[in-house]
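Below you'll find the structure, written out as structure tokens, and then a few comments.
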Amino acid sequence: MEEADILGDRIAILHGGRLRSYGTAMFLKKQYGHGHMEVTLSTKSWCIPDKVISKFDSRTQQLSLDKEKIVLNVPYTDSLPQSLDKVESEKNKLGVTGISVSLITLEQVFLKIVKKEEGTPLNELFTAPSQKITDGELCIQSILALFWKKFTYTRKNLTNLLFILFLPIVSVILMAFSYNIPADSTNIIPLKLNIYRHPKALYSSSNEEIGQQYRNTIQDFGEAQLVAPDINVQEALDIFSKENIAEYRNNFIVSAEFNNITNTTWGNGLYSNLAVHSVPLTVNLLSNAFIKALTGKNYSIDLSRQQLPSTLSSSEIELPEAEALSRVLVFCSFFFPTMAFFVVHPLQETKTKIKQLQRMTGVTSLTYWSTMFAFDFLIYTMSVLLIMIALYIMDIILGIRLYYGTEIRKFLF
């Protein structure tokens, strides 16, 4: 007891297989001292104990007596300091050589706890009677306590939870990198005159309606100038190039002339040899001018370009079984270690004997493992949902088109 008093931070007192009290040494002494102090008197051989005891309260009890020491259990009252002063002043007369005052010892606390008075433990005299629960109510309380314990452990070990939830996502990212995405862009790019800065065009037309439609189409994106009737478009372009060669090379992308010959309208398109898309733009502008003049403004032809798939990429021999196996191995190399985190908590409880302590309190193996499974299954479901969302996002971004409703249902169930 003395070693426990000196070395113990917390002291638990067990009797009859039940926990009777728990706390610091000072708490136990105050709790079970019941307003008493222990007074130890060092005495000479001729000291008379009754004379010494008479100096204290009448309720004072003698705990032990030997040739050189008297131990008294003295009630803690307002008169105790005066009684100690009286003994101190008369110690030579009483045969007292020293006085020591302290709380009761842990051994006395233990004896008070286990001592029964009229069949009732002493500590129950000062505490409210507790009601014990049994059967189904006890089972429900045990389950709720186990769930709360598991929740507290998870909250204090968030690193394990984050590994379980997000480590499989790393495998999904690596799987996404394993897909061969064509490096060549096959996007559809609209071709309009506004892909060039400040485009200009010269035109001439003997058909006013066609010329007006061509002018309107050009002016939607740039500037159109009508050439004088006495010269043709080619001569006008030569004159302009001599006046400002820089503007001629950078801004004149297309030009056109429309001539009526024997009741037939001919369109002649001129293009820039410096602009890559000038040829298809020239043809498109001529076609739209004829269509709008004949059918109205509601009809037009939209032009776009798209690159053909790379011949080398399309001719590669793919082995889908080998690629699928590699992706499965990548996924399993992350998913299986993630599942191992679920056994960390039970192993820690087994190693630290906490599991055995829970079994000693009445928790059955079925209750213990059922609550473990239920809580871990909830976290597992969250992990699976995150994996499914990651796979679906990968499917949308890469355009693989593998995960539809049927595949998702099979993945979940």
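Coordinate-derived values only; no laboratory data. Since the structure is predicted, the reported quantities are computational estimates derived from the model, not experimental observations. Cβ: placed from backbone, ideal geometry, glycine included. Neighbour counts: every protein chain shown.
Counting other C-beta atoms within 10 Å, which of Ile99, Ile261, Ile13 has the fewest, and how do the rest follow?
Fewest to most other Cβ atoms nearby, the residues stand as Ile261, Ile99, Ile13.
Packing-wise, with mean Cβ within 10 Å as the measure, how do 221-230, 241-250 rank, highest first?
221-230, 241-250
What net charge is computed for the residues neighbouring Ser64, neighbours being all others with C-beta under 13 Å from the C-beta of Ser64, Lys and Arg scored +1, Asp and Glu -1?
Summing Lys and Arg as +1 and Asp and Glu as -1 gives -2.
Whose amide H sits under 5 Å from the amide H of Ile104, counting only residues 5 or more places off or on another chain, with H placed in the peptide plane?
Those lying under 5 Å, H to H, from Ile104 are Glu38.
Counting other C-beta atoms within 10 Å, which of Phe290, Phe151 has the fewest, and how do the rest follow?
So the ranking, lowest neighbour count to highest, is Phe151, Phe290.
So, in region 150-301, how many Lys pairs have Cα atoms under 27 Å apart, if the pair is 8 or more places apart or on different chains?
The result is 6.
So what J values fall out for region 380-388 if you push phi through Karplus, 6.51 cos²θ - 1.76 cosθ + 1.60 with θ = phi - 60°, rounded to Hz, Gly and Pro as x?
These are the phi-based 3J(HN,Hα) values: 4, 5, 4, 5, 5, 4, 5, 4, 4 Hz.
Hey, what D do you get for the chain in µm²/s if you plug the Kirkwood alpha-carbon radius into Stokes-Einstein at 20 °C and 1.002 mPa s?
Answer from the Stokes-Einstein relation: 64 µm²/s.
Name the residue from Ile173, Val52, Val363 whose Cα lies farthest towards the positive end of the charge dipole of the chain, charges +1 on Cβ of Lys and Arg and -1 on Cβ of Asp and Glu.
Val52
Before anything else, pin down the relative contact order of the chain: Cα pairs under 8 Å, at least 6 apart, normalised by residue count, whole percent.
The normalised contact order for the chain reaches 14 percent.
Ranked by Cβ crowding within 10 angstrom, fewest neighbours first, how are Tyr368, Tyr203, Tyr179 ordered?
Tyr179, Tyr368, Tyr203
Output ³J(HN,Hα) for region 201-213: one whole-Hz value per residue in order, computed from phi by the Karplus curve 6.51 cos²θ - 1.76 cosθ + 1.60 with θ = phi - 60°, and x for Gly and Pro.
Each residue of region 201-213 in turn: 8, 10, 8, 9, 7, 8, 10, 4, 5, 5, x, 5, 5 Hz.
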